[in-house]
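Have a look at the structure below, then the notes.
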Amino acid sequence: MAEDGFPLTVKYGKETLELRLPADATVGQLQTALEERTGLFVRKQKLMAAGKVVSGRPGTLTAAGLRPGAKLMLLAGTGGPTAGQAALEASRQSRQEALERGRQQLAERAAQKGLVAGAAGAAGAVTPTSMRQRAEAWQKTGIAALRDLQLAELPAELFGAQVAAGIRVLDAGGNALAALPPALRQLTGLQRLRLSLNRLTDEGAAWPVLAQLTQLVILAADDNQLTALPPCVSALGRLQKLSLNGNRIASLPDSIGALQQLRALALRGNRLDALPPSLGACSSLVELDLRDNQLAALPEQLGQLTHLKLLLLDNNRLKAVPPAILTGCPALATLSLHGNPLTAEQLRETEGYAAFDARRRRKYDKQVDMRVLNTGFDEGADIVEFEHWNQ
């Protein structure tokens, strides 16, 4: 006796997906199931069977000409990544290329000044003498500039008794740091820490050590290899800006709500599929960037963010915006939702949209020619829900 259901095999790139749907399943249900399995939005799917396009067809699988056991091929309708994903990758590549050019220029200047012995074999290296000279400057200014020096570890001179306590700013971006030392906790007056474009993992980031830097106001660790934000981040009670773009972070801790001074949170290009309701307790938040993640829903507690002005949600999986966000965020004037299943028409029908629309119009009415809408003055969502393919 045959098993109940409607079995299908779908080829997607190098993957072969086995699915079993209800006997009366529709094409829409099949595409939704494929979105959940592959992350490819329904509107971006081009689903082929026996040389014909079946994606977007109304009715059941049987009505679309499919039979149990059918084999299909799934293609990305854009022929590649989404526009947002492509832009993000291009931005990363551009930063990496600029970093390499900067390193080469630094190596050439250092070689000309005699600071690097054998520049051809040690491009970008910093001698002990030059590092001691740098330490003298750090002691005078409180600013430790270590950007783009190809450092595999932070120099010992940074933690000297005469230097450490006076450091207010540490910029160690664009290096090859895989781990932060325990000695970092000696920088008790540190207010700004930049660690972007390194090789930091969750373990190497030494979060328990970072959590002891309680004077931090800005922490940037974009483009590393982080997969999680630990609960101990709540100890950074003075933090105003946290930037972790371009990592692999899949979740946020409930304790993030303890960051009462946080004004800007940037998490673009990670792997978030949900947000903790406690994020709504970050009462000072003004800017929230969550573009290019995998969010399927938003917690209604975000409606508690009364100071929120900017909310960027492009290229996620959102099908709705909780009315509480539109009604409970009186300062919200920029809401961007491009690249989501949510359409502009659906957004307009959401409770609270009229009040939000009035705010954004007040913001842009002096900037926008009413015949041409700029990117800041559009609906913040895609105009059409599905792309149609020629058969």
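The values are calculated or read from the model by the stated rules, or taken from the named source; none is laboratory data. On a predicted model such as this, the values are computed, not experimentally measured, just so you know. All Cβ positions, even for glycine, are placed from backbone atoms using ideal geometry, and neighbour counts span all protein chains on display.
Taking the range 298-324 only, how many residues are part of a helix (DSSP H, G or I), in contact with a Gly (Cβ under 6 Å, 6 or more places away or on another chain) and farther than 18 Å from L262 by Cβ?
If we filter the range 298-324 for residues that are part of a helix (DSSP H, G or I), which is where we start, we get 300-304, 323-324.
Those still in the list that are in contact with a Gly (Cβ under 6 Å, 6 or more places away or on another chain) too: 301-304, 323-324.
With the extra rule that they be farther than 18 Å from L262 by Cβ, the set shrinks to 323-324.
Within the range 298-324, residues that are part of a helix (DSSP H, G or I), in contact with a Gly (Cβ under 6 Å, 6 or more places away or on another chain) and farther than 18 Å from L262 by Cβ number 2.
Between residues in the range 48-65 that are over 16 Å from Q29 (Cβ atoms) and in the same structural domain as L34 (by TED's automatic domain parsing) and residues that are at pLDDT below 85 and of a type in the set (S, T, N, Q), which pairs lie under 6 Å by C-beta distance while being six or more apart or on different chains?
Taking only residues 6 or more apart or on different chains, the pairs are V53/Q391.
List every residue pair whose Cβ atoms sit under 6 Å apart, with the two residues 6 or more apart in sequence or on different chains, where the first one lies in the range 4-24 and is surrounded by 13 or more Cβ atoms within 10 Å (Cβ to Cβ) and the second, anywhere, is outside any strand (DSSP E or B) and of a type outside the set (A, V, I, L, M, F, W, C).
Here the result reads F6/P68; P7/P68; P7/G69; Y12/T38; L17/R37; R20/G5, each pair linking the range 4-24 to a residue that is outside any strand (DSSP E or B) and of a type outside the set (A, V, I, L, M, F, W, C).
Could you say which residue among N175, N198 is crowded, with 16+ Cβ neighbours inside 10 Å, at pLDDT 95 or above, of a type outside the set (A, V, I, L, M) and more than 19 Å from the chain's Cα centre (by Cα)? Steps first, answer last, please.
Numbers: N198 fails: more than 19 Å from the chain's Cα centre (by Cα).
None of the others qualify; the one that does is N175.
With the condition kept exactly as written, say whether any residue in the range 285-297 is among the charged types (D, E, K, R) and closer than 15 Å to Q240 by Cα. Steps first, please.
Of all residues in the range 285-297, those among the charged types (D, E, K, R) come to 287, 289, 291-292.
This time we only want the ones that are closer than 15 Å to Q240 by Cα, so: 287, 289.
Yes: the range 285-297 contains one or more residues that are among the charged types (D, E, K, R) and closer than 15 Å to Q240 by Cα.
Please specify each residue of the range 306-333 satisfying the condition of being surrounded by fewer than 23 Cβ atoms within 10 Å (Cβ to Cβ) and either assigned by TED's automatic domain parsing to the domain that holds K44 or touching an Asp or Glu at 6+ places or on another chain (Cβ under 9 Å) (or both).
Within the range 306-333, K309, L310, L312, R317, P322, P323, A324, L326, T327, G328 qualify.
Taking the condition in the same structural domain as R360 (by TED's automatic domain parsing) and either under 25 Å from E351 (Cβ atoms) or in a helix (DSSP H, G or I) (or both), does L272 pass? I'd like the intermediate steps shown before the answer.
Values: in the same structural domain as R360 (by TED's automatic domain parsing): yes; either under 25 Å from E351 (Cβ atoms) or in a helix (DSSP H, G or I) (or both): no.
In short, no.
Residue check, P276 against (1) under 17 Å from the mean Cα position of the chain (by Cα); (2) at pLDDT below 95, all met but one. Which one?
(2)
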